[in-house]
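Enquirer: Sending over a structure as structure tokens; questions will come in a sec.
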Amino acid sequence: MTTSTPHPLFARALTDLGLDLAIRTFPEGTRTAADAAAAIGCELSQIVKSLVFAADGVPVLVLMDGASRVDVEAVRRQLDAAEVTRADAALVRETTGYAIGGVPPFGHRTRTRVLADRGLLTHDVVWAAAGTPHTVFPMPPRELVTHAAAELTDVRERA
């Protein structure tokens, strides 16, 4: 692990928000939640997955803990949409400015509606991507939700 600078788009967002985060780089990669948790040495549920969906064709970002899956039907109900589908790689990059595996919870190319699952609040600190599949940052979850301008909701898949 080394300290480094984030993706340029995310770096600009940090400057705009007045944030000075401890960006960490893991050469072995943090592309998946499991990879990130192993590299950081934290619980899988402390990883924030930033997942893009299309609700009736409109992109929406869902922030979910790394140990859980998104209940797409719950997202559909929350957004009062007819259909919610997982966004493809092209839509993710077009909407956020980042590739899958490196999408941060805020600092995107376009303003997108954000839903954050309440389960993220069970931790004192969570870890999220800093714009690349190799960079992450820690942040208290309530701060992360605030900076992402996210709506807190329950969209976790139940067993």
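The values are calculated or read from the model by the stated rules, or taken from the named source; none is laboratory data. All of these numbers come straight from a predicted model, not from anything done at the bench. Positions of Cβ are backbone-derived with ideal geometry, glycine not excepted, and every protein chain shown enters the neighbour counts. The area values use the complete protein model at the heavy-atom level, side chains included, leaving out ligands, DNA and RNA. Shrake-Rupley method; radii C 1.70, N 1.55, O 1.52, S 1.80 Å.
Enquirer: For the chain, what is the relative contact order in percent, using Cα pairs closer than 8 Å and at least 6 residues apart in sequence?
Expert: Over the chain, the number comes to 27 percent.
Enquirer: Counting only helical runs of four or more DSSP H residues, what would the 222 nm mean residue ellipticity of the chain come to if each run contributes -39,500 (n - 2.57) and the total is spread over all its residues? Walk me through the numbers before you get to the answer.
Expert: Values: 5 runs with 41 residues, N = 159.
Helix contribution divided over all residues of the chain: -7000 deg cm²/dmol.
Enquirer: Turning to a different aspect of this structure: Net charge near residue 45, counting Lys/Arg +1 and Asp/Glu -1 over other residues with Cβ under 14 Å of its Cβ?
Expert: Counting the neighbours of residue 45, the net charge comes to -1.
Enquirer: Shifting gears a bit: Treat every Asp and Glu Cβ in the chain as -1 and every Lys and Arg Cβ as +1, leave all other atoms uncharged, and give the resulting dipole magnitude about the Cα centre to the nearest 20 debye.
Expert: 200
Enquirer: Same structure again: Using a 1.4 Å probe and ignoring any ligands, DNA or RNA, find the accessible area of residue 40 and quote it in Å² to the nearest 10.
Expert: 40
Enquirer: Using the Karplus curve 6.51 cos²θ - 1.76 cosθ + 1.60 with θ = phi - 60°, work out ³J(HN,Hα) for each residue of the range 79-95 in order, rounded to whole Hz, and write x for Gly and Pro.
Expert: 8, 6, 9, 6, 8, 10, 10, 6, 6, 7, 4, 5, 5, 4, 5, 4, 6
Enquirer: At q = 0.13, 0.15, 0.22 Å⁻¹, what base-10 log of I(q)/I(0) does the Debye formula yield for the range 14-129 when every alpha carbon is treated as an equal point scatterer in vacuo?
Expert: So the normalised log intensities are -0.51, -0.68, -1.35.
Enquirer: Something else about it: How much accessible area per residue does the chain have, in Å², with a 1.4 Å probe? Working shown, then result.
Expert: Details: 7720 Å² over 159 residues.
Spelled out: the 1.4 Å probe surface of the chain, per residue, equals 49 Å².
Enquirer: Could you tell me how far the Cα centroid of the range 143-159 sits from the Cα centroid of the range 90-105, in Å?
Expert: So the separation of the two Cα centres works out to 18 Å.
Enquirer: How much of the accessible area of the range 9-74, probe 1.4 Å, is carbon plus sulfur, in whole percent? Intermediate values should be presented prior to the final figure.
Expert: Numbers: 1480 of 2960 Å².
After summing per-atom areas, the C and S share lands at 50 percent.
Enquirer: Same structure, new question: Once the Cα atoms of the range 1-73 are picked out, what are the Rg and Dmax in Å?
Expert: Computed over the Cα atoms of the range 1-73, radius of gyration and Dmax are 14.4, 41 Å.
Enquirer: Of all DSSP beta bridges in the range 52-159, what percent run antiparallel (nearest 5)? Each step should come with its number before you reach the end.
Expert: Values: 12 of 19 bridges.
If I count the DSSP bridges inside the range 52-159, around 65 percent turn out antiparallel.
Enquirer: Another question, then. Can you compute the modelled spin-label distance between residue 149 and residue 89, with each label point 7 Å from Cα toward Cβ, in nm?
Expert: Result for the modelled spin labels: 2.9 nm.
Enquirer: On a full-extension model of 0.36 nm per residue, what is the gain between residue 16 and residue 44, subtracting their alpha-carbon distance, rounded to one decimal in nm?
Expert: 7.1 nm
Enquirer: How much length is gained if the chain between residue 32 and residue 157 is pulled fully straight, taking 0.36 nm per residue apart and subtracting their Cα-Cα distance, in nm to one decimal?
Expert: 43.2 nm
Enquirer: Just the ratio, please: alpha-carbon radius of gyration of the range 69-119 over 2.2 N^0.38 Å, N its number of residues.
Expert: Relative to the rule-of-thumb radius for its length, the range 69-119 sits at 1.20.
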